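Asker: One structure follows; several queries about it will come next.
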Amino acid sequence: MNAERIVPELRTALARGDHPAVADVVERHWLYVLRTDPPLLGQAIALLPPELTRPPHHLIREILHPRTLPEAADGSDPVVHALASLPSDDPELEVASGLALLQTLRRQGRFQQAHALAIRLVGSASQLPATEANSHVSSLFLAAGDLSLLRADFAEAERWFEAAYRRPSPFPNHAADAAGRMALACALRGETARTEGWLQRAQTADAAAEPWPLRAAERLPQHCARAMLALDRLDWATYHRADDLIETERIDQDEIWTYVLHHRSLAAAVRGNQRAVLEEVVDYRNRNPQYWDEPTLGTLLVDTIETALLLTVGRRQAALQRLDATHPSRMHPASRAHLLLAGGRVEEAAALSDPERWPPGTTRRQQVLMLVAHAGAQYRMGRRGAAVAAMRQALNLTGNRREAWLYNFSTMDRAALADLVPDVTDLEHVLEALEELAPVPLQAAVSLTPRETLVLQHLARGLSVQQISELLFVSASTVKNQRKSLYRKLGASSRATAVHAATQMGLLRRSRGSRRGSGAEAG
């Protein structure tokens, strides 16, 4: 059937009371009618007599009116019943009915079943001619891509999204939709250039999609991708524009909403509104517990960042208990390493973030985060050379676009970053940007004597006690006493922690001077 004939024929069948024809058109072309005339689809479903209402019609009614799916007559799972009734001898009908079943499975959090069904339907869809009426095929590719992304299979997700982008469809917005979802997948991987490219394609395709512009829910991946790009750069104006569009359009909070919670939680750790976002996460989980029945990329991201937010609001014990209770498969090693480091379990963080232990398929975003965590852990253990090497490697991975990775570097202790600048000169520009865009709040002021200030500056440069005594023309024991007084005021127990505390309090200026000693060795 030609696409332009679908809606007129449905209207004619309704006017004549031809219920069998109505049932057939709805079952085969419900997605087309849903896009072009949703009230008409609701009217058609409502007027179907019980004897002509088949499982796919119940599924379509469930899409229009959630939580109305009736139980099977024998008390069995109605979704399983609908799955068994898919007509394998009619590819067009199988794909159309299967797409309705896919949406129901996703709403119920049954993502593994949904993914298996999507792969099955692709085989049937390949038998359909590439006509304008077959908009189901592009929708199937988009659904398969979403489900692959939820499985954290980025390569497979991108193959489906690209197939949907290139396939002819009666709805030009299918290409814009696919490009936006591809942009989100690239943003989650930390592929900045590719994200920008696919966002540009989405914008171009959307502009050419009249009279079928993207709906609010279809714009969500684009908004998320733009928010993540802006967050990586700590570009708060652009970030808020993207996030405000999500809030303004009042998009349904389905399983894709986990990506929204992910970027909002990341931003909260810097902006300081952690408690508000924590409440939003808890509310979403309470209203959608089914999305946690099976592990997905979205819930993994939310669970991870929720643990991090608990740390940032001072609930250290609760965060570490949650961290220990979380199975390693439910948290990426990069995130786990940062949480261990923030919780004071430095050696565990160093071991977990070691490049030799990176799992296969580690994305560039995760690689940079792992290296930053490794640098932080090595620094805390006094292994300055290893910290410098890890930080240089992290900077190398960013290429010539370090401004697009600022958030990743903001996850490291700011004082440690400042202390590494003399040995990693390329880090200075990153640090300057961080101090402008994500300043660290100063702690209560500490009053130092002029002599203590000089000792602190020399300690920060890495000079030994003997070298400091020679510069100040005093005995080594005098320097040790002044160092002891300095440590007491700063609440420090070592050179590294003293420099760290002083930098946070604004008592120590960064210096590009060379280091003439090892802090770990000089004490």
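Asker: With the crude spin-label approximation of a point 7 Å out along Cα→Cβ, what separation in nm comes out for residue 449 versus residue 346?
Answerer: Rounded to a tenth, the inter-label distance reads 2.9 nm.
Asker: What's the magnitude of the charge dipole for the chain around its Cα centre, counting Lys and Arg as +1 and Asp and Glu as -1 at the beta-carbon? Answer in Debye, nearest 20.
Answerer: Numbers: 60 positive and 60 negative charges, 623 e Å.
Result for the chain is approximately 3000 debye, rounded to the nearest 20.
Asker: Turning to a different aspect of this structure: May I ask for the distance between the Cα centers of segment 292-363 and segment 74-127, given as a whole number of Å?
Answerer: 35 Å
Asker: Quick check for me: using +1 on Lys/Arg Cβ and -1 on Asp/Glu Cβ, what's the dipole size of segment 323-462 about its Cα centre, in debye to the nearest 20? Write out the running numbers ahead of the final one.
Answerer: On the way: 15 positive and 15 negative charges, 63 e Å.
I would put it at about 300 debye.
Asker: For the Cα atoms of the chain, what angle does the longest principal axis make with the long axis of helix 38-47, in degrees from 0 to 90, nearest 10?
Answerer: It is inclined by approximately 50 degrees.
Asker: Next question, about the same structure. Per 0.36 nm of contour for each residue apart, how much would the distance between residue 273 and residue 119 grow if the chain were fully extended, relative to their Cα-Cα spacing?
Answerer: Values: separation 154, 0.36 × 154 = 55.44 nm, distance 4.13 nm.
Full extension of this stretch gives 51.3 nm more.
Asker: Compactness ratio of segment 346-440: Cα Rg over 2.2 N^0.38 Å, N = residue count?
Answerer: Relative to the 2.2 N^0.38 Å estimate, segment 346-440 comes out at 1.00.
Asker: Another question, then. Identify, among 122, 200, 373, the residue whose Cα sits farthest towards the positive end of the charge dipole of the chain, taking +1 on the Cβ of Lys and Arg and -1 on the Cβ of Asp and Glu, with the dipole about the Cα centre.
Answerer: 373
Asker: Between the alpha-carbon centers of segment 474-500 and segment 161-223, tell me the distance in whole angstrom.
Answerer: Here the two parts' Cα centres lie 58 Å apart.
Asker: How many angstrom separate the Cα center of segment 364-429 from the Cα center of segment 7-49?
Answerer: Here the two parts' Cα centres lie 60 Å apart.
Asker: Counting only Cα, what are the radius of gyration and maximum Cα-Cα distance Dmax of the chain, in Å?
Answerer: Rg and Dmax of the chain, Cα atoms, are 28.8, 106 Å.
Asker: Quick check: net charge around residue 229, other residues with Cβ under 13 Å of its Cβ, Lys/Arg +1 and Asp/Glu -1? Before the final figure, lay out the partial values.
Answerer: On the way: positive: 189, 194, 226, 233, 241, 365, 401; negative: 191, 196, 232, 235, 243, 403.
Net charge around residue 229: +1.
Asker: Placing +1 on the Cβ of each Lys and Arg and -1 on the Cβ of each Asp and Glu in the chain, which of 333, 387, 343 has its Cα farthest towards the positive end of the resulting dipole?
Answerer: The listed residue farthest towards the positive side: 387.
Asker: Right, something else. Among 16-24, 139-147, how do they line up by average Cβ neighbours within 10 Å per residue, starting with the highest?
Answerer: Final packing ranking: 139-147, 16-24.
Asker: Now a separate question. How far is helix 154-166 tilted, in degrees, relative to the longest principal axis of the Cα atoms in the chain, given as a value from 0 to 90 rounded to the nearest 10?
Answerer: It works out to around 50 degrees.
Asker: Sticking with this structure for a sec: Taking Cα atoms, how many degrees apart are the long axis of helix 91-107 and the longest axis of the chain, rounded to 10 and kept between 0 and 90?
Answerer: Between the helix axis and the principal axis of the chain, the angle is about 40 degrees.
Asker: Positive end of the dipole of the chain, charges at C-beta (+1 Lys, Arg; -1 Asp, Glu), about the Cα centre: which of 412, 471, 313 has its Cα farthest in that direction?
Answerer: 471
Asker: What is the local net charge at residue 93, summed over the other residues whose Cβ is closer than 15 Å to its Cβ (Lys, Arg +1; Asp, Glu -1)?
Answerer: On the way: positive: 28, 54, 120; negative: 24, 27, 89, 90, 92, 94.
That works out to -3.
Asker: Magnitude of the Cβ-charge dipole of segment 71-222, K/R +1 and D/E -1, about the Cα centre, nearest 20 debye? Don't skip to the answer; put the middle values down first.
Answerer: Numbers: 14 positive and 19 negative charges, 101 e Å.
Here segment 71-222 has a charge dipole of around 480 debye.
Here, each number is a calculation from the coordinates, and none is a lab measurement. Note that the structure is a prediction, hence the values are computed from the model and not measured. As a convention, Cβ positions derive from the backbone with ideal geometry for all residues, glycine included, and neighbour counts pool all protein chains shown.
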